[in-house]
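Working notes for the structure below.
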Amino acid sequence: MFEILTLAQTHKLGNKMTVVIYGPEYWKKVFNLDALVDTGAISPKDLELFQFADSPAQAFEMLRQGLTENYLVAEAAAGTLAESQEMTPGEDLLAGWTVEDFLGPEMAKTSK
């Protein structure tokens, strides 16, 4: 996680990256991000790099949205998608996909 933060802070990432932290109740105790801001270790804007999810479905939606916004739409705008996959601005290429499509039905049933 801190490697991603460093790459984002130094603008070394080609595209914005979605970082989802699963289980906020636990991780907000382990990593006190507000304390890092208070001590100047990270910028308040750096908090925007992280999203917290309570369920696999919520994490999937965050990742799907981030992938679509930061990669698929960006590629379409740059004209790098194959002609057979052209999309209009704002179109969601993953619309209709579910968490089960990516994780499989057993993994998607994981609860907190």
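If only residues of the range 32-74 that are among the aliphatic types (A, V, I, L, M) and in contact with a Phe, Trp or Tyr (Cβ under 8 Å, 6 or more places away or on another chain) are counted, the one that is nearest to LYS16 (Cα to Cα) is ALA59.
I'd like the full set of residues that are within 24 Å of THR68 (Cα to Cα) and acidic (Asp, Glu), limited to the range 18-58.
ASP46, GLU48, ASP54
Any residue that is without any contact (Cβ under 8 Å) to a residue 12 or more places away in the chain, closer than 21 Å to THR98 by Cα and not hydroxyl-bearing (Ser, Thr, Tyr) - is there at least one of those in the range 47-60? There is at least one residue in the range 47-60 that is without any contact (Cβ under 8 Å) to a residue 12 or more places away in the chain, closer than 21 Å to THR98 by Cα and not hydroxyl-bearing (Ser, Thr, Tyr).
Since every read-out is calculated from the coordinates, none of them should be taken as a lab result. Keep in mind it's a predicted model, so treat the numbers as computed, not measured. For neighbour counting, all protein chains shown are included, and Cβ atoms are generated from backbone atoms with ideal geometry for every residue, glycine included.
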